[in-house]
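Read the structure below first, then the notes.
The values are calculated or read from the model by the stated rules, or taken from the named source; none is laboratory data. Everything numeric here is computed off the predicted structure, so don't read it as measured data. Neighbour counts run over all protein chains shown; Cβ positions are idealised from the backbone, glycine included. Just so you know, the surface numbers come from the protein's heavy atoms only, side chains and all, with ligands and any DNA or RNA stripped out. Shrake-Rupley method; radii C 1.70, N 1.55, O 1.52, S 1.80 Å.
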Amino acid sequence: MSRGVEVNLDNVWIRFGDFVAVREANVSIKGGEFFSFLGPSGCGKTTILRAVSGFLEPSEGTVKIGGRDMAGIGPNKRPTALIFQNLALFPLMKVWENITFSLEVQGFSKVDRRKRADELLEMIALPDQGDKLPSELSGGQKQRVAIARALCAEPDVLLLDEPLSALDLKLRQHMRTELREIQQRVGITFIYITHDQGEALTMSDNVAVMRAGVIDQIADGQTVYDDPATPFVASFVGENNVFRGTVKSIDGEFAIVDTNRSGELAARIATSAKSNLKVGDAAMMFVRPEACNIAPDDAPGKNRLTAMVKHEEFEGQIYNVFLEGSEGKEIKMSLVNIGQNRQSAEGKDLTLEYAPEHAVVLPAGELASE
Amino acid sequence: MSAVQILRNFFEKNGIGLGTFLLVAVFIWVVILIILPQLSMLDFSFRHHLPPPEMGGPKDTYTIEHYKYLVLGAPGADTSYNVVDLGVFGRTLIAAVFVTILDLILCYPLAYYLGQSKGGGFIRVLVLLLIIPYWINEILRAFAFRIIFGDSGLINEVLLTFGLINDPIDFIRANVALYAGLGYAYILLMIFPIYNVIESLDRNQIEAARDMGAPWWRIHWRVVIPYAKPGISSGCTMVFMLSAGALAAPQILGGPSSLWFTQIIYQWFNQGGNWPRGAAFAIVLLLTCIIIVLSMMRLFKVKIGDIGK
Ligand SMILES: Nc1ncnc2c1ncn2[C@@H]1O[C@H](COP(=O)(O)OP(=O)(O)OP(=O)(O)O)[C@@H](O)[C@H]1O
Ligand SMILES: [Mg+2]
């Protein structure tokens, strides 16, 4: 199959009337990469994808596929294939006709088409299901048919618009691995849209995190998780405890934040904030639940805080401990269950500690709403 | 489920009062307004044409003479078939098919446009524009068409003024006015069923087809038309049935030479006073139309159940 080609968005703006759906998007996606757009509902993910597939012309800026400016080239002429949020299989065509519709368009004979359909059905592990109608398939099977239909056109870029959102959790996790496998097998560029951070992190080489039309950060999953560029990314990707305050002092990589309710706390300065964070700035400090631990003693420290335990949750491989935090929010701490019998600390004060390099400081900003 | 159970469920759901009312209303509707009149027409069509005093007398027996008349003509006529009536019959059906196709060609794009563009004030105005002509009664509409298409009508005047023709075209004689009038009269019955199904067609399917490189005609051929088939067939059925059975428009707009079959039926009922013959002719028309519709549905693989959708 064709090798993946690169996709570039240069300063792309998309407006609907006065409403700005996408603001100054600069993205460069390498050939053969699995790239995800991650963001909450309504942040403009589908809109960006439509601009890449050609259903929408950007109001400003250029979309390039394989280095070629796509302005004025319609969706039927672009080397992309789109898998729709609702799959959009043709309900009145048999599965094999659905899969090979692109070949029908190109005028291939029925015999050839049938042969290709059987190959693809084999690949998606649905042999002998070609003569069914889409309505006779299960959700996961439809999903795979939609993938086969898109791959049949041998696109250079496959665009996927939350294709797993309609599936149940188990199937979704299974399809994640399957998608990733397919991508590695065919080697083409995948652009994947999701509001599920788990999906984005497990599958992607790189992730763009979007907030209300703005791309906040583009990086690999690990970086997005460990070194978020904005408070929005920090709070949207994974779980995070947030402490608001002001920067008290800066010492190289680290800063001390004078938090409103939990005293002075130390944390690493996020890479994006290194050059512009100053003493006295309003700041937010983030500590992930799994970065917290119970301190061996209750001596105070710049990486410790003491609060009352409100309740605990046992989840199997982890315990979640919820401490009373500021602004009505709880501080969450996740402890790995290593088989020791823990005494419940509910109602008591507890001192937790964390390694400052596992916490980040960012200039105060907008958080993801829960 | 047994009939008794169905009935019990029905009454439980609607209550005794409303349930009874619904049952009686449906019964009256179906039996008194649909079945009985048609049965009596059927009965009529098999009777002799007798003066009133002899009705119910010894001469009042069943006969197929009227059906025979339609096919073979009057006994002792110089042709072996009733060429005149059969000719009109055939021409009426062909003309009705033609009107149906004309309406379909006109309405499909319009219905597609209405169905796929998402709402908006402009669309509502357009739909209103389509409905307003129906406030004007049929006769007025037909005569208006006569005026437009007449020798010194609007169209001829315009064509003459621009020098496109030298002599007025006789649209009435050429039946252009008739086809236009009939087509116009039933346009809504074609648009709305198609519009209804197309409105429920997921836009993403059209985009998916486009994304896979399909040109517009293939999108319609493979995606939209198959989906709209139930709407198309119910529209076509209604337009065909109604134009084959139309009376006013052919009466007013038809050329002098072109008799519509309904006009012959009307003549037998009215001028001829021969109700049995009129009934027989009408029943032949009805049955033929039903057969044509059913065989078309079979040809295009539409199920009756789909049409009600
Ligand atoms: N055709 C349009 N006209 C006007 N506004 C639009 C149009 N399409 C999208 N929008 C707006 O643009 C914003 C982004 O929409 P988009 O469909 O890209 O969201 P999304 O990130 O894909 O969300 P979801 O996860 O719910 O699918 C929304 O606020 C939406 O209302
Ligand atoms: Mg979307």
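Identify the trypsin sites (Lys or Arg not before Pro) of the range B:108-144 meeting these criteria: DSSP loop state and at most 12 other C-beta atoms within 10 Å of the C-beta.
Sparse-neighbourhood loop trypsin sites (Lys or Arg not before Pro): B:Lys118.
Please compare each pair in A:Lys30/A:Lys64; A:Lys94/B:Lys301; A:Lys45/A:Lys332; A:Lys94/A:Lys170; A:Lys94/B:Lys229; A:Lys94/A:Lys115 to a cut-off of 22 Å on the Cα-Cα distance and tell me which ones are over it.
With Cα atoms farther than 22 Å apart: A:Lys45/A:Lys332; A:Lys94/A:Lys170.
Roughly how many debye, to the nearest 20, is the charge dipole of the range A:174-327 about its Cα centre, given +1 on each Lys and Arg Cβ, -1 on each Asp and Glu Cβ, and no other charges?
The dipole magnitude comes to about 420 debye.
How many percent of Cα pairs in chain A exceed 36 Å? The partial results should precede the final answer.
On the way: 23994 of 68265 pairs.
The calculated P(r) of chain A puts 35 percent of pairs beyond 36 Å.
Just which residues of the range B:222-266 lose 50 Å² or more accessible area with every protein chain there, against their chain alone, with the probe set to 1.4 Å?
With the partner chains in place, the range B:222-266 has these residues losing at least 50 Å²: B:Arg222.
Mind checking the mean number of beta-carbon atoms from other chains within 10 Å of the Cβ atoms in B:195-205?
Numbers: counts 0, 0, 0, 0, 0, 0, 1, 7, 2, 8, 8.
Rounded to a whole number, the mean comes out at 2.
Antiparallel DSSP bridges in the protein assembly as shown: what percent, to the nearest 5?
Working: 64 of 84 bridges.
Taking every DSSP beta bridge with both residues in the protein assembly as shown, the antiparallel ones total about 75 percent.
How much of the accessible area of the protein assembly as shown, in percent, comes from carbon and sulfur atoms when a 1.4 Å probe is used?
60 percent
Normalised by the empirical 2.2 N^0.38 Å for globular proteins, what value does the Cα Rg of the range A:239-359 take? Mind showing how you got there, number by number?
Numbers: Rg = 14.7 Å, N = 121, 2.2 N^0.38 = 13.6 Å.
It is 1.08.
Compute and list, largest first, the equivalent-ellipsoid semi-axes of the range B:72-307 from the alpha carbon gyration tensor, each √(5λ) rounded to a whole angstrom.
36, 25, 16
Which residue, A:Ala166, B:Ile232, B:Gly90, has the largest displacement toward the positive end of the dipole of the protein assembly as shown when charges sit on each Cβ (Lys, Arg +1; Asp, Glu -1)?
B:Gly90
Probe of 1.4 angstrom, ligands and nucleic acids ignored: what's the accessible area per residue over the range A:7-226, in square angstrom?
The answer is 40 Å² per residue.
Normalised by the number of residues in chain B, what is the relative contact order in percent for Cα pairs under 8 Å and 6+ residues apart?
About 24 percent, as a whole number.
Which one, A:Val360, A:Thr223, B:Phe171, projects farthest toward the positive side of the charge dipole computed for the protein assembly as shown from Cβ point charges (K/R +1, D/E -1)?
Of the options given, the answer is B:Phe171.
Cα gyration tensor of the range A:7-226, axes a ≥ b ≥ c as square roots of the eigenvalues: rounded (a/c below 1.5), prolate (a/b > b/c) or oblate?
prolate
Along each principal axis of its Cα atoms, how long is the protein assembly as shown end to end? Whole angstroms, biggest number first, please.
Each principal axis gives a Cα extent; for the protein assembly as shown these are 124, 71, 50 Å.
Sort out for me the Cα centre separation of the range B:61-133 from the range A:272-304, rounded to whole Å.
When both Cα centres are located, 82 Å separates them.
Placing unit charges on C-beta atoms (Lys and Arg positive, Asp and Glu negative, everything else neutral), compute the dipole magnitude of the protein assembly as shown about its Cα centre in debye, rounded to 20.
So the magnitude is around 2020 debye.
Mind checking the dipole of the range A:7-226: about its Cα centre, +1 per Lys or Arg Cβ, -1 per Asp or Glu Cβ, Debye to the nearest 20?
Taking the Cα centre of the range A:7-226 as origin, the dipole is about 420 debye.
Nearest 0.05, what FRET efficiency do B:Arg91 and B:Thr161 give at R0 = 41 Å with Cβ-Cβ as r?
The formula returns an efficiency of 0.75 here.
Can you pull out the buried accessible area for chains B and A, both sides counted, probe 1.4 Å, rounded to the nearest 100 Å²? Could the numbers behind the result be given before it?
Working: alone 18840 and 17330 Å², together 34330 Å².
Summing both sides, the interface buries roughly 1800 Å².
For Cα pairs less than 8 Å apart in space and 6+ apart in sequence, what is the mean separation divided by the residue count of chain A, i.e. the relative contact order in percent?
On the way: 797 pairs, mean separation 59.0, N = 370.
With pairs under 8 Å counted, the relative contact order is 16 percent.
If the elastic network links every pair of Cα atoms under 10 Å, which of A:Phe55, A:Phe19, A:Phe108 fluctuates the most in the Gaussian network model of chain A?
In this elastic network of chain A, the residue with the biggest mean-square fluctuation among A:Phe55, A:Phe19, A:Phe108 is A:Phe19.
On average, how many beta carbons from a partner chain sit within 10 Å of the beta carbon of a residue in A:72-80?
That average works out to 3.
What does DSSP give for the range A:7-226 in terms of the percent of beta bridges that are antiparallel, rounded to the nearest 5? Could the numbers behind the result be given before it?
Values: 20 of 38 bridges.
Percent antiparallel among DSSP bridges in the range A:7-226 is about 55.
Short version: which residues of the range A:40-71 lose at least 50 Å² of accessible area, all chains versus chain alone, 1.4 Å probe?
At a threshold of 50 Å² (probe 1.4 Å), the residues of the range A:40-71 that become less exposed are A:Phe55.
Restricting to chain A, what percent of DSSP beta bridges are antiparallel, rounded to 5?
Values: 63 of 83 bridges.
Antiparallel bridges make up about 75 percent of those DSSP assigns within chain A.
Going by average Cβ density within 10 Å per residue, which order do the peptides B:180-190, B:212-222, B:129-139 take, highest to lowest?
B:180-190, B:212-222, B:129-139
Tell me, which residues of the range A:86-133 get at least 30 Å² less accessible area when the other protein chains come in, versus the chain alone (1.4 Å probe)?
Buried-area filter returns A:Asn86, A:Ala88, A:Phe90, A:Pro91, A:Leu92, A:Met93, A:Phe101, A:Glu104, A:Val105.
Between rounded, prolate and oblate, where does the range A:1-96 land on the alpha carbon gyration tensor, with a ≥ b ≥ c its root eigenvalues, rounded for a/c under 1.5, else prolate if a/b exceeds b/c? Please list the in-between numbers first.
Numbers: a/c = 1.65, a/b = 1.23, b/c = 1.34.
Oblate, since a/c reaches 1.5 and b/c is not below a/b.
Averaged per residue, what accessible surface does chain B expose to a 1.4 Å probe, in Å²?
Each residue of chain B exposes 58 Å² on average to a 1.4 Å probe.
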